[in-house]
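Scroll down for the structure; my scribbles are underneath it.
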Amino acid sequence: MRWWDIEPVLELEHELFPEDAWSAGMFWSELAHARGPEATRHYIVAEDPEGRLVGYAGLSAAGDLGDVQTIAAARDQWGTGLGARLLTDLLRAATAFECAEVLLEVRVDNTRAQKLYERFGFEPIGFRRGYYQPGNVDALVMRLSDPSSSVTAGGPVQGETHG
């Protein structure tokens, strides 16, 4: 993801997460840590063959711990494997950052995403009550030990842009 991707990412963000969408400032802040030798973030976007942004994902790394910050696929891409390809890319980045484990939070009512994470070996480890605001929705916290063993040979994300 690069700065010019923020506007289309925000459009998709607001469509998919209307109550708790990230702001432009949040994406700018994340991208500020995604370049150079001291990078601690990895962000990617996916585009369809016509160049329309259809997904994005981001990972934060600190020491040997990775954290999936965000992952999203346009509704018309659900069931196409895009989410799995984005997650595969994040786990490859976690491996490159030498993360021993990866954590994430997912809405308790988002069973589609939970099933994806479980397929990759993530296990539930707890809850964060009222994590998603303003809707006061709980988050399920999930952990993946050894992300390098969970990366599948999924191939690159079409139209990907690393940031």
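The values are calculated or read from the model by the stated rules, or taken from the named source; none is laboratory data. For clarity, every value in this text was computed on a predicted model and none was experimentally measured. Cβ sites come from the backbone with ideal geometry, for glycine too, and all protein chains shown count toward neighbours. Heavy atoms of the whole protein, side chains included, go into the accessibility calculation; ligands, DNA and RNA do not. Shrake-Rupley method; radii C 1.70, N 1.55, O 1.52, S 1.80 Å.
Of L144, G121, Q133, which is farthest along the charge dipole of segment 98-147 in the positive direction, counting Lys and Arg as +1 and Asp and Glu as -1 at C-beta?
Result: Q133.
Can you tell which of T88, T70, T80 shows the greatest fluctuation in a Gaussian network model of the chain with Cα springs below 10 Å?
Maximum fluctuation in the GNM of the chain, among the listed residues, is at T80.
What does the charge add up to near R107, with Lys and Arg as +1, Asp and Glu as -1, over the other residues with Cβ less than 11 Å from its Cβ? Can you show the working numbers first?
Numbers: positive: R112, R128; negative: E19, D20, E105, D109, D138.
It works out to a net charge of -3.
With a 1.4 Å probe and all protein chains left in place, how much accessible area per residue does the chain have, in Å²?
51 Å²
Amide H neighbours of Q69 under 5 Å, counting only residues 5+ apart in sequence or on other chains, H built in-plane at 1.01 Å?
G58, L59, S60
Once the Cβ-Cβ distance between N110 and A32 is put in as r, and R0 is 22 Å, what FRET efficiency do you end up with, to the nearest 0.05?
About 0.20, to the nearest 0.05.
Report, in whole Å, the centroid distance computed from the Cα atoms of segment 2-21 and segment 109-152.
Between the Cα centre of segment 2-21 and that of segment 109-152, the gap is 21 Å.
For the chain, what relative contact order do you get, as a whole percent, if you take Cα pairs closer than 8 Å and at least 6 residues apart?
Numbers: 302 pairs, mean separation 40.4, N = 163.
Worked out over the chain, it gives 25 percent.
For E50 and D64, calculate 0.36 nm times their separation in residues minus their Cα-Cα distance, and state this gained length in nm to one decimal. Can you show the working numbers first?
Details: separation 14, 0.36 × 14 = 5.04 nm, distance 3.79 nm.
Contour length minus Cα-Cα distance gives 1.3 nm.
Where the only charges are on Cβ atoms (+1 Lys, Arg; -1 Asp, Glu), what is the dipole of segment 1-125 about its Cα centre, to the nearest 20 debye? Present the calculation step by step, with values, prior to reporting the outcome.
Details: 11 positive and 22 negative charges, 60 e Å.
So the magnitude is around 280 debye.
When the accessible area of the chain is computed with all protein chains present and a 1.4 Å probe, what percentage of it is carbon and sulfur?
Working: 4170 of 8320 Å².
Within the chain, the accessible surface is 50 percent carbon and sulfur.
Would you indicate which of [x] 21, 20, 17; [y] 31, 16, 11; [z] 26, 17, 15 is the value of semi-axes √(5λ) of the Cα gyration tensor in Å derived from the coordinates of this structure?
Computing semi-axes √(5λ) of the Cα gyration tensor in Å and matching it to [x] 21, 20, 17; [y] 31, 16, 11; [z] 26, 17, 15 gives [x].
So which residue, out of A61, A96, A32, gets the largest mean-square fluctuation from a GNM of the chain using Cα contacts under 10 Å as springs?
A96
Apply the Karplus parameterisation 6.51 cos²θ - 1.76 cosθ + 1.60, with θ equal to phi minus 60°, to every residue of segment 16-27 and state each ³J(HN,Hα) to the nearest whole Hz, in sequence, with x for glycine and proline.
Residue by residue, segment 16-27 yields 7, 10, x, 7, 10, 5, 5, 8, 4, x, 5, 5 Hz.
With each run of n ≥ 4 DSSP H residues scored as -39500 (n - 2.57), what mean residue ellipticity at 222 nm is computed for the chain after dividing by its residue count and rounding to the nearest 500 deg cm²/dmol?
Details: 4 runs with 43 residues, N = 163.
Calculated from helices alone, the mean residue ellipticity at 222 nm is -8000 deg cm²/dmol.
Looking only at R107, R129, R143, which one moves most when the chain is put into a Gaussian network model with springs between Cα atoms under 10 Å?
Comparing R107, R129, R143 in a Gaussian network model of the chain, the most mobile one is R129.
How much length is gained if the chain between I125 and D76 is pulled fully straight, taking 0.36 nm per residue apart and subtracting their Cα-Cα distance, in nm to one decimal?
Numbers: separation 49, 0.36 × 49 = 17.64 nm, distance 3.09 nm.
Taking I125 through D76 to full extension adds about 14.5 nm, to one decimal.
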